[in-house]
Amino acid sequence: MYKLKIFFIIFSLIFSYSCSKDQEKVVLVKEKNQKQEMISNYEEGMNLIEIGDYFAASKKFLEAEILFPQSQWAPKSVLMASYSYYMQDYYSLAIENLKRYLNTYPNDKNKAYAHYLLAMCYYETIEGEKRDLAPLILSKNELNFIIRNYPETDYAYDARFKIDLINDILAAKEIYIGRHYIKKKKWIPAINRFKNVLQNYDTTVYVEEAIHRLVEVYHILGMEDESLKYASLLGYNYNSSEWYEETYKIFNKKYKKPISKNKKENSKILGKIKSLF
């Protein structure tokens, strides 16, 4: 009886071993087929991008990820699907996929590109200083993340350029709101907006107007010392600008802009051209 038990134990072990080998072979074959199909879908997606069919390409890339989510191709597939959505102007879908990529594949080597593409998706939804600027702030955050964490990449170089453009729009927003407060005679909120331009967007083209507006508002309020302080600041830094000229008019009501020699010459030329007709 004891020998019979030993026999059954050995037989069951051999049988289970052979079954596990067979199962392992089936799994390997299945994985191989899945991998081939996944690579095939990925390559097809790339071909579709080449011919400009981004909608079909995005579907192929997402199919590739689903087929073999554990492979190195899966995160690439998500990124390429996001890029395809971006090229179709489907920014919300691209953002959704990029966020999923960052959560699902936090250690992937292409994270810098993902953050850059995410920044571009937010950037493309900006509609001007009169509209909601929330996407612009999100874009700026992503661009700053790239500059901090990937400073030597091409993405960081372009990020710095894009941030300058974003700061111009943010400064324009402050100027736009400040002007609105002036019309409503809300002097303190107006001053705060223009000062914000000087403090946070001092490299933008809107600094000159912000200083001029401060001169203007303080002059209206009768705060001549403050008004003259900002007039001096404008004169010291931008004494040849149109805004300095506008500031000069505040203190010299009879000032008239002189007609330049070039303008006189241009008017003569225009007169001769008109005489031909």
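None of the figures in this text is laboratory data; all of them are computed from the coordinates on show. In this text, all values refer to a predicted model and were calculated from it rather than measured experimentally. As a convention, Cβ positions derive from the backbone with ideal geometry for all residues, glycine included, and neighbour counts pool all protein chains shown.
A compact table of results
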item: Estimated distance in nm for a label pair at Arg148 and Lys185, the labels positioned 7 Å out from Cα along Cα-to-Cβ; result: 4.6
item: Violating pairs (Cα-Cα greater than 31 angstrom) within the set Lys76/Lys140; Lys109/Lys162; Lys173/Lys229; Lys162/Lys229; result: Lys162/Lys229
item: Efficiency of FRET between Glu37 and Lys99 - r from beta-carbon atoms, R0 22 angstrom, step 0.05; result: 0.25
item: Per-residue HN-Hα couplings for the stretch 234-240 [Karplus 6.51, -1.76, 1.60; θ = phi - 60°; Hz; x = Gly/Pro]; result: 5, x, 5, 9, 9, 6, 10
item: Simple label model, 7 Å out from Cα along Cβ direction - Lys249 to Leu221, nm; result: 2.3
